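Everything below concerns the one structure shown next.
The values are calculated or read from the model by the stated rules, or taken from the named source; none is laboratory data. Since we're looking at a predicted model, the values are computed, not measured. Cβ atoms come from the backbone with ideal geometry, glycine included; neighbour counts cover every protein chain shown. Quick note on the areas: whole protein, heavy atoms, side chains included, nothing else; ligands and nucleic acids left out. Shrake-Rupley method; radii C 1.70, N 1.55, O 1.52, S 1.80 Å.
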Amino acid sequence: RVRRLPRAPVEPGRRYKYNVPSFLTYQTHLMKSVIDLVSKCDFVISDKGSVELPWQLKNLRINIGNATYQMGIGGLHSTEEGACHRYVKGRRKRDIDVASYYPSIILNQKLFPEHLGEAFLKVYRKIVERRLRAKHTGDKKTAQTLKIVINGSFGKLGSMWSVLYAPQLLIQTTITGQLSLLMLIEAFELCGIPVISANTDGIVVDYAVEQEPLVEQIIKWWEGITNFEMESNFYKALYSANVNNYVA
């Protein structure tokens, strides 16, 4: 007999706090103050069941190196406009993305809707692992289909009409993603490697060829601390109208 699972009852106005994972550590006073601010914010559920970004974060602009970053419910993004990063001999522009970022956060932190129990994680993990196998074996149709399933399931954490509805998990996932990227950005900038763009699940760095070993070292350090896996693409040039509209 199939049992229909109920949606989680979450009344408008409910407040949630972000739980800071132990691996999030920063080196600068700026980022230490940012994580302190985030931990004190109240994330409130609106009348439509969505999560509202606290006013403290709406007005927050994080300046690291020559870039400015803004947090949101969906993800982190840099704020460049009309940016032009031309080809320069002896330099590399590297797009570094986290593989299956939000699904990895969910699985690493063992986040599951309370009304569904840990069975959610067992099913979700099987789908993620099947998608990764398909991706690595070149089965593009299965990989793309399951990518939609995985990302759609994450998105439904914020939909009051879905059985997966769990706004506190949406907050925990996206805020962890943003703060983790900021930790990586901070590390690159402190080592003299400029970050020229950032958006949701990855960043673009611009560095001299001889800095390649240092870049690799920082990536490995971050992967070890966070338990995430990075993927890279290399650009000759990057021309951005803004962070979401660009030619690389």
>> Return the pair list, or none, for Cβ contacts closer than 6 Å from residues in the stretch 228-247 that are over 13 Å from Thr79 (Cβ atoms) to residues that are open to solvent by 100 Å² or more (accessible area, probe 1.4 Å) and in a strand (DSSP E or B), at least 6 apart or on different chains.
In response: Val247/Tyr239
> Looking at the stretch 1-53, which of its residues are surrounded by 12 or more Cβ atoms within 10 Å (Cβ to Cβ) and on the phi > 0 side of the Ramachandran plot?
Replying inline: Gly49
>> Just to be sure before I move on: is Ser180 of a type in the set (Ser, Thr, Tyr), open to solvent by 10 Å² or more (accessible area, probe 1.4 Å) and either free of Cβ contacts under 8 Å to residues at least 24 places away in the same chain or not in a loop (DSSP other than H, G, I, E, B) (or both) in the structure I sent?
In response: no
>> Looking only at residues that are closer than 21 Å to Gln217 by Cβ and touching a Phe, Trp or Tyr at 6+ places or on another chain (Cβ under 7 Å) in the stretch 188-206, which one is surrounded by the most Cβ atoms within 10 Å (Cβ to Cβ)?
In response: Ala198
> Can you name every residue in the stretch 28-66 that is part of a strand (DSSP E or B), over 26 Å from Tyr165 (Cα atoms) and touching an Asp or Glu at 6+ places or on another chain (Cβ under 7 Å)?
Replying inline: Ile64
> Among the residues of the stretch 108-160, which ones are in a loop (DSSP other than H, G, I, E, B), open to solvent by 100 Å² or more (accessible area, probe 1.4 Å) and either over 18 Å from Ala8 (Cα atoms) or without any contact (Cβ under 8 Å) to a residue 12 or more places away in the chain (or both)?
Replying inline: Lys110, Glu118, Thr137
> Here are Leu181, Leu164: which of them is of a type in the set (A, V, I, L, M), over 24 Å from Arg4 (Cβ atoms) and in contact with a Leu (Cβ under 8 Å, 6 or more places away or on another chain)?
Replying inline: Leu181
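Would you list the strands (runs of 3 or more DSSP E) that sit entirely within the stretch 183-248 and hold 3 or more residues that are of a type in the set (Gly, Ala, Ser) and touching a Pro at 6+ places or on another chain (Cβ under 6 Å)?
none
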